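Below is one structure, written out as structure tokens; the observations come after it.
The values are calculated or read from the model by the stated rules, or taken from the named source; none is laboratory data. Everything numeric in this text was worked out from a predicted model, so none of it was measured. Using ideal geometry, Cβ is built from the backbone for each residue, glycine included, and neighbour counts are taken over all protein chains shown.
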Amino acid sequence: MLSEAFAQGKSILHRLDPRLRIVFATLFSFLLAVSMGFPTLLAGLTLSVILVLTSGLPLKDVAKRLTTINIFNILLFLVLPITFAPPPAFLLGPVACSREGLLLAARITLKSNAILMVFIALIATMSIATLGHGLNRLRMPRKIVYLLLIAYRYVFVLEQEYQRLSTAIRVRGFVPGTNLHTYKTYAYLFGMLLVRALARAERVYQSMLCRGFKGKFYCIHQFSFSSTDRIWAGYLLLTLILLGGMEWLMPTLF
Amino acid sequence: MADADPILIDLKDICFSYPGRGRVLNNLNFCLGKEQRLGLIGPNGCGKSTLMHLLMGLNKPESGTIRILGKTMHGETDFRKARRQLGFVFQNADDQLFSPTVIEDVAFGLLNMGKSPQEAVALSRKMLESLNLSGFENRITYQLSGGEKKLVSLATVLVMEPQVLLLDEPTTGLDERTVERIIRVLNDLDIAYVVVSHEFDFLARTTTDIYAMKNGQIEYRCGSDQFRAAS
């Protein structure tokens, strides 16, 4: 079951205006994604660690989320040095390794961890509903916002439906194996899930029509930009400028 | 104009069939008067839900005429206006509650009617309060229990102040206490309604008349008091 475990909390970051958090996380990600210099990347990583600490989230859970991406990063460290062109700079036993490949893998690791941590500290600390309304206020097209919100709303219903179906086949003695019967059963299960999802979409739309839906969504939420938000907006903008400045002015160290 | 007319809903010679299935409704005639509380009962597949969908304009009849509040329905534009006066509570509350939070779902209909967000929120709060659902405003709809979902979906429809309420099997899968709450809500209403149900006991306590459907027609009409004596 999906849960918004990080959304509950009382830290200053939880209380910041969602719009500020969304905007900063987005700009930060873009800036870091295009940066190449290690000082910038390390500074970005430090900033993200500070934000995670400020958010007061349980560090063990944060680490758990970071594991996923770092398993992928380990793969990069294994693959990139030996596949990167131009040809090898040094030899590791019989395997030719390239310095460039190694640096690239290191850059990707720094970037991905920093970006993920900023998102954990700033975005995961709000509920999906808040995120949706924040995006709405930032003039994100309504259709995309409602696609997000409604998809999130019905993921749970679909999951329940999936659980029901899979329990139903298990209580009738189904044991998955490597055979045609298993593949066919799973195909039926997912097919049925798809058909039911379609039928449900139709019914949801009908119920919306019955309540006067004319294709337009309205938002009842109002956010207020407090003085704390303004101060934080200043700080965060400053860090962005500093990071950008580091990237522009400092020649790459390597 | 509607006030002068004692008949709220009038169906004449309605025929309807789903593609690939035989006739569901067969020259059906149906009439709902002012202050009438009608129970609709009948075997599965006899056309009860189809009848509701026709009334809301979600399905189009093959033949026959539908008059709602004195106006003959010709197409989507007519139904769009009629839907403001007709409230429909779906059988499955998950179909009805699509917003992330309760207050947004209750306000949805009001916003569609052109109310301002502030007004819509205020009216929605009042509605929740009157159904003893205060404090539910910011609850997440998918985390509600089955009974709470049903009551909230009732609120989403009632808040629009319809003149007629249609309920499709409102008690299916609910515990006794929630059913009692729904019975109380229905008995406190001062509008006409049609409720589909398989439970005679529930219908006897909430309706004035009971119609039994069979083979796409209304086969039998009687007063609910007949069942009240038995139960």
Kindly check whether there is at least one residue in the range A:39-48 that is surrounded by fewer than 17 Cβ atoms within 10 Å (Cβ to Cβ), over 17 Å from the mean Cα position of the chain (by Cα), touching a residue at least 60 places away in the same chain (Cβ under 8 Å) and more than 21 Å from A:M126 (Cβ to Cβ). yes
Pairing a residue in the range A:75-100 that is hydroxyl-bearing (S, T, Y) and surrounded by 13 or more Cβ atoms within 10 Å (Cβ to Cβ) with any residue that is in a loop (DSSP other than H, G, I, E, B) and at pLDDT 65 or above, where Cβ atoms lie under 7 Å and the two sit 6 or more apart in sequence or on different chains, gives A:S98/A:F84
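For the range B:202-231, which positions are part of a strand (DSSP E or B) and of a type outside the set (A, V, I, L, M)?
Step one: list which residues in the range B:202-231 are part of a strand (DSSP E or B), which gives B:209-214, B:217-223.
B:D209, B:Y211, B:K214, B:Q217, B:E219, B:Y220, B:R221, B:C222, B:G223, listed by residue number.
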Can you pull out every residue in the range B:10-51 that is outside any strand (DSSP E or B), in contact with a Phe, Trp or Tyr (Cβ under 8 Å, 6 or more places away or on another chain) and closer than 10 Å to B:N215 by Cα? B:G47
Condition (residue is assigned to a helix (DSSP H, G or I), within 14 Å of chain B (Cβ to nearest Cβ), touching a strand residue (DSSP E or B) at 6+ places or on another chain (Cβ under 7 Å) and over 30 Å from A:G37 (Cα atoms)) applied to the range A:186-209: is it met by at least one residue? no
Which of the helices (runs of 4 or more DSSP H) found entirely inside the range B:113-195 contain at least 1 residues meeting this: without any contact (Cβ under 8 Å) to a residue 12 or more places away in the chain? B:117-130, B:176-188
May I ask you to list the residues in the range A:97-133 that are within 14 Å of chain B (Cβ to nearest Cβ) and assigned to a helix (DSSP H, G or I)? A:I128, A:A129, A:T130, A:L131, A:G132, A:H133
Of the residues in the range B:135-156 that are farther than 22 Å from B:D168 by Cα and out of contact with any helix residue (DSSP H, G or I) (no Cβ under 6 Å at 6 or more places or on another chain), the one that is farthest from the other protein chains (Cβ to nearest Cβ) is B:G135
If I filter the range A:220-246 down to residues being facing chain B (nearest Cβ under 9 Å) and over 30 Å from B:D168 (Cβ atoms), which single residue comes out as surrounded by the most Cβ atoms within 10 Å (Cβ to Cβ)? A:H221
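Conditions (1) more than 28 Å from the chain's Cα centre (by Cα); (2) buried (at least 19 other Cβ atoms within 10 Å of the Cβ), marked per residue:
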site	(1), (2)
A:L122	no, yes
A:S127	no, yes
A:L131	no, yes
A:L138	no, no
A:E161	no, no
A:R164	yes, no
A:A168	yes, no
A:L180	yes, no
A:L193	no, no
